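The values are calculated or read from the model by the stated rules, or taken from the named source; none is laboratory data. Keep in mind it's a predicted model, so treat the numbers as computed, not measured. Here the Cβ positions follow ideal geometry from the backbone for every residue, glycine too, while neighbour counts run over all protein chains shown. Please note that ligands, DNA and RNA were not included when accessible areas were found on the heavy atoms of the full protein model with its side chains. Shrake-Rupley method; radii C 1.70, N 1.55, O 1.52, S 1.80 Å.
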Amino acid sequence: MPRLRSRRRFLQLLGSASFGVAGCLGRDGGSSGPTTTEATTTTAEPSTTYGPTSGPDERVTATPPGDPALSPSGAWPQYRFDAGNTGYNPDVSIPTDAEEYWRLNAGGSPVLDGDRLYNLHGRGRDERAFVRRDPSTMGERAVTPLVGYGVNSPPVVAGDRVIVTTFIEVFCLAADRDEVLWRGPEMDGIHGPPAVGDGVAVVSGGGFDGVPTQLRAFELADGSERWRYDLESDAKGAPAVADGAVFVVTSDAVHAVDLATGERRFRVEARTSEWTTPVATPEAAYLPTRDGELLSLAPSDGTERWRSPGSGAPVVTDDVLHVAVDGETATLSRDDGKEVATRFFGAPHARAREAVLVSDEQGRLAAYNTDEERQLWTHQTPEVQVADVISQGVAAAVPVDGAVYVVAADGFHGLGAAQD
C-alpha cells in the first residue's frame, strides 16, 4: 500500500479530547453546592441547519434526540479508554462500513458504560452541566448543573459512579440518577480529567495564581484524601495509572508516584510540556518531548528504553503503538520503537480491535484495518465559522461496538453501520 502523506505538518489535537481553559477562573459565588434538575428528555423532532445562522455560531443547531437510532454496545469509561490513557479497547469492533446517522449540538467528548452515555452540555446550553444520555440517540435522561466557573474535561465512569473535575475541585456523581455523592476540596488549577483505578481517583492540580502544584488521590467511596504529592512545576495534562504507580508530566520532568502511598518512585528530567498527557502500561511509560520525539521509559525506575520521532499521546496496543509523525500515523514496535507497518494519513485518536481511527487537519476522520493495512471508510466533518474564526477538525473519536462518536468543530456526530 503506498504511503499516504500530508502536504504540511499536522498539528495534532490534544489526545482524544481538548482540555479547555476555564473561561472564568473565579469560584461560583460561594454557593454551598450544585443545584440539580429533574430528569429531562427532549422529544421535539430535530431540525438541522448548516451554514450561516442568525447568531455568531454557524455550527449544527439540531438538538437530541437524533434519528435514526444507533445500536451501540460496549464501554469507553475514561478519557482515552483506561487509567493508563492507552486509547485502545480490544473488546469492541467498529462498523467496517460506516455512515452518519445524525449530527447534533450534543456536548463534548463522551464516556460510555453499556446503555449509558455521559458528557457535558453543548454550546448554547449550560456548558457546566453534567448530562446522562441515551447512547443511541443522545437524548437526555438527567442533568446535574455543577458550578458557575469552568468545567474543562470529560468525565470518568467508575461502576455506579461518575467523576468530573472542574477547574477547582472534584465531583462524584451517581451514574444512574441526578445526585451528587461527594464533592472534593478546593485545589485550583485542574485542567484535565482524573485517572481512576483501584478505587481511587487521582487528580492533577496543575497550578494557578500562586497555588502549589500537586497530585492528590481521593477514595471513590467517600472522597476522603488518600495522599498528596507536591509537584515542583506546572502539570496540566491528565495523569496515567499503571504498574501500581501514577505518572504525571510537568514542564521539566516526568514523575512516578506509588498509587497506594503517594511516595515518589522516580523523577526524571525531560524536555516536556506541562500540557503533556503520558500513556502508561505495566511495561513502559510513554511521553512526547518538545524535541518532537516519543520517549519510552521503564515504569520501575524511569530508565530510558528508547526514543523515536513522534508527537502527541500515542495509542498503545498489546504489541505496537500508533503515534503522529508529520501528519501521519506511524506504527511502532513497543519493544524498540522501530516502525513496523505502512503509515496512515492523519493523527491517531483511538483503536478498537484491529481498527485505528485517525483524523487530519481538514476535519476528515478515517478508519483503517491495521492487519490488512487498508482504509475501511472516511467521514468528512465540515468547517464552521464562530464569530470571525473559521474552525475545522476532530477533537475526539470514541469507538464502541456498532458505533463511533465524533466530536468535531461543527457538532457531535453519531456514526453507525451503513444501512444500504
Please get the size of the charge dipole for region 97-235, origin at its Cα centre, with Cβ charges of +1 on Lys and Arg and -1 on Asp and Glu, quoted in debye to the nearest 20. 260
In whole Hz, what ³J(HN,Hα) sequence does region 64-69 give by Karplus (6.51, -1.76, 1.60; θ = phi - 60°), x for Gly and Pro? x, x, x, 8, x, 6
Within the P(r) computed for region 117-162, what percentage of the Cα pairs occupies the region above 17 Å? 30
Most fluctuating of G393, G210, G189 in the GNM of the chain (C-alpha, under 10 Å) is G210
So what's the gap between the Cα centers of region 103-142 and region 375-420, to the nearest angstrom? 15
The chain, accessible surface, carbon-and-sulfur percent (1.4 angstrom probe): 45
Counting only heavy atoms of the protein chains, get the accessible area per residue of the chain (1.4 Å probe) and round it to a whole Å² value. 38
Within region 73-112, name every residue whose backbone N is under 17 Å away from a label modeled 7 Å from Cα of A418 along the Cβ vector. 94-102
Just to compare against my own numbers: the Cα pair-distance distribution for region 329-376, 5 Å bins, whole % per bin, please. 5, 22, 30, 25, 12, 4, 1
If I take R0 = 35 Å and measure r between the Cβ atoms of S391 and D209 in this structure, what FRET efficiency does the formula 1/(1 + (r/R0)^6) give, to the nearest 0.05? 0.75
Which value results when the Cα radius of gyration for region 89-155 is divided by 2.2 N^0.38 Å? 1.23
When the convex hull of the C-alpha atoms of region 339-420 is computed, what volume per residue in Å³ does it have? 97
Going through region 156-190, which trypsin sites (Lys or Arg not before Pro) have at most 14 other Cβ atoms within 10 Å and a DSSP loop state? R177
Can you compute the equivalent ellipsoid semi-axes for region 260-412, i.e. the square root of 5 times each eigenvalue of the Cα gyration tensor, sorted largest first and rounded to whole Å? 29, 19, 15
Computed curve, region 288-343, Cα-only Debye sum without solvent term, log₁₀ I(q)/I(0) at 0.13, 0.25 Å⁻¹, is -0.28, -1.02
Rg and Dmax of region 52-189, Cα atoms only, in Å: 15.6, 47
Between D198 and A298, the two model label points (7 Å from Cα along the beta-carbon direction) sit apart by a distance in nm of 2.0
Expressed in angstrom, Rg and Dmax over the Cα atoms of the chain are 20.2, 60
Rg/Rh for region 123-262 to two decimals, with Rh computed the Kirkwood way over all alpha-carbon pairs. 0.98
Under a 10 Å cutoff between Cα atoms, tell me which one of T261, T378, T317 has the largest fluctuation in the Gaussian network model of the chain. T261
